[in-house]
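Working notes, beginning with the structure itself.
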Amino acid sequence: MKKTISLAGVAALLLASTGVSAHDGETWIDRIDFKGDFRLRFDREAEDNQTERERSRFRARFGFTAEVTDDIDFVLQLASGGDNPVSTNQSLDDGFSRKDVGVDLAYVDWTINEQFGLLAGKMKNPLFRAGSVPLVWDGDLNPEGAALVFSSGGLFATAAGFAVEERSGDNDSLLYAAQVGYKFPIGENASLTAGIGYFGYTNTIGNEPFYDGNARGNTVDTEGNYVYDYKDTEAFAEFGTKVGGWPLKIYAHYVQNNEVSDQDTAYAFGAKIGSAKADGDMEFSWTWQDLEADALIGTFSDSDFGGGGTDSEGHMFKGKYVFNKNVALGGTLFLNTIDRAAGIDSDYDRIQIDLEFKFD
């Protein structure tokens, strides 16, 4: 970026523009919460009959939450990685060139009352993911539009409409999503969260795959355009308890595209033990995922599993150790099979080692 962006200045202008004065004894800076993180990554990929690839990468994010009123917050975050919707990684290459930074989050969070909230703008993904697995949505994906969220006791629900692709000479592609779930207590130290959902895209058939035209496993015609619609139902469950003082989660997530009759399902299941939050904490997880080619839009699923997109299956192992609340060391191992729909069945292995720093 050639222009300097002052987040504090943006926040000050935002609060001033609302006409809302600070609380007694407060200044505008007292109503802003800054946070950020930086991650260094070693990333190695290996695929059958392909040259192994090793990269050094980084991710940098910095932003703030500004209290506009007692009920409304504004969130702004900048991140590295350019315009890729599912990755904030930036490779250390290209002759020491300057690296791209873009708007990662820009949304209003309005607490309507104790049960309802409204999110509008480019927001954190409001949809529940069992075990936080990236089966449907990559963890870096921040959708754009509006979402109404509800929570009361153990019941939660979300209804959302997102703008995916605006076309000047054709109908736009939108994403509609609805999800409802319930967290059931089981005894004193356990709970079960379960629910169902629906998400569907408009105007996919005959249009170029989203973002950069790369189908990422989805079926396309001879001109490279989508062949199918993607309207999915989902079911998910997450069981949480403690074993020997260690938090334990067991989770499963299932998705089916109702618009195709073959290569139409995706599922994941696995377990996570530990919680890497405080000094000396550790966590470990294992997940098995299977994404058939047209089960869902490949553009927005995990960008690392199977090299990104659908038409892949296999294991994902994760681990993390927290040196202190601001510094952690983690790693991920992918042992996957890709290109199954074409009958190729190539092995795809990937290892990532991360050193993470954060502040808030």
### Query
What list of ³J(HN,Hα) values in whole Hz, one per residue of region 218-235 in order, does the Karplus curve 6.51 cos²θ - 1.76 cosθ + 1.60 (θ = phi - 60°) give from phi, with Gly and Pro shown as x?
6, 6, 10, 8, 5, 8, x, 9, 4, 9, 10, 8, 10, 10, 10, 10, 9, 9
### Task
Report the net charge of residues surrounding Tyr230, where surrounding means a beta-carbon distance below 11 angstrom and charges are Lys +1, Arg +1, Asp -1, Glu -1.
-4
### Task
Mind checking which aspartates and glutamates have their Cα closer than 19 Å to the Cα of Lys325? Skip sequence neighbours fewer than 8 apart in that chain.
Asp33, Asp37, Asp279, Asp281, Glu283, Asp354, Glu356, Asp360
### Task
Note down the magnitude of the dipole of region 107-230 about its Cα centre, charges +1 on Lys and Arg C-beta and -1 on Asp and Glu C-beta and zero elsewhere, to the nearest 20 debye.
520
### Radius 14 Å from Cβ of Thr241, net charge of other residues (Lys, Arg +1; Asp, Glu -1)
+2
#### Entry: Peptides ranked, highest mean first, by Cβ atoms within 10 Å: ranges 306-316, 61-71
306-316, 61-71
### Task
Sum up the charges of everything whose Cβ sits under 13 Å from the Cβ of Glu144, counting Lys and Arg as +1 and Asp and Glu as -1, but leave Glu144 out.
-3
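Quick note: the coordinates plus some simple rules give every number you see, no bench work behind them. Keep in mind that what you see is a predicted model, and the values were worked out from it rather than measured. Glycine gets a Cβ as well: all are built from the backbone with ideal geometry, and neighbour counts include every protein chain shown.
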